[in-house]
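Have a look at the structure below, then the notes.
The values are calculated or read from the model by the stated rules, or taken from the named source; none is laboratory data. Note that the structure is a prediction, hence the values are computed from the model and not measured. Neighbour counts are summed over all protein chains in view; Cβ atoms, including those assigned to glycine, are modelled from backbone coordinates with ideal geometry.
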């Protein structure tokens, strides 16, 4: 899920890493969610939801960390958590993803249509 979120950000020009003394380091999900650019794509409810699920602030589920690092036992997984992850996936998927090729095709079609206007 975190990889999907980071991929979304990268496709929309939202930085997910930062320069540190020892080189580049991935930003924490919380720091990415605080970026003003993310507000173009997700409303306050979405960012609060993502914070609740994936960050390590007090009172959050911190699912990203607990799942990725194997801190959960089989008893920690529940239907409710699965539904929350599906909801997060749907919120990420509500946007229209365009590849470079699809953008190039759109531009070519527009140019082609403009060329036929004069005929």
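Can you confirm whether residue 56 is touching a helix residue (DSSP H, G or I) at 6+ places or on another chain (Cβ under 7 Å), surrounded by 10 or more Cβ atoms within 10 Å (Cβ to Cβ) and farther than 18 Å from residue 7 by Cα?
Against the criterion (touching a helix residue (DSSP H, G or I) at 6+ places or on another chain (Cβ under 7 Å), surrounded by 10 or more Cβ atoms within 10 Å (Cβ to Cβ) and farther than 18 Å from residue 7 by Cα), residue 56 qualifies.
For the stretch 8-21, which positions are outside any strand (DSSP E or B) and more than 21 Å from residue 62 (Cβ to Cβ)?
10, 11, 12, 13, 14, 15, 21
Determine which single condition residue 88 fails, assuming it passes every other condition in (1) within 14 Å of residue 1 (Cα to Cα); (2) free of Cβ contacts under 8 Å to residues at least 40 places away in the same chain.
Exception for residue 88: condition (2).
Within the bounds of the stretch 31-39, is there any residue that is out of contact with any helix residue (DSSP H, G or I) (no Cβ under 9 Å at 6 or more places or on another chain) and in a helix (DSSP H, G or I)?
Yes: one or more hits.
Residue 24 passes all but one of (1) surrounded by fewer than 10 Cβ atoms within 10 Å (Cβ to Cβ); (2) modelled with pLDDT of 90 or more; (3) assigned to a helix (DSSP H, G or I); (4) over 18 Å from the mean Cα position of the chain (by Cα); which number fails?
Evaluating residue 24 over (1) surrounded by fewer than 10 Cβ atoms within 10 Å (Cβ to Cβ); (2) modelled with pLDDT of 90 or more; (3) assigned to a helix (DSSP H, G or I); (4) over 18 Å from the mean Cα position of the chain (by Cα) leaves (3) as the failure.
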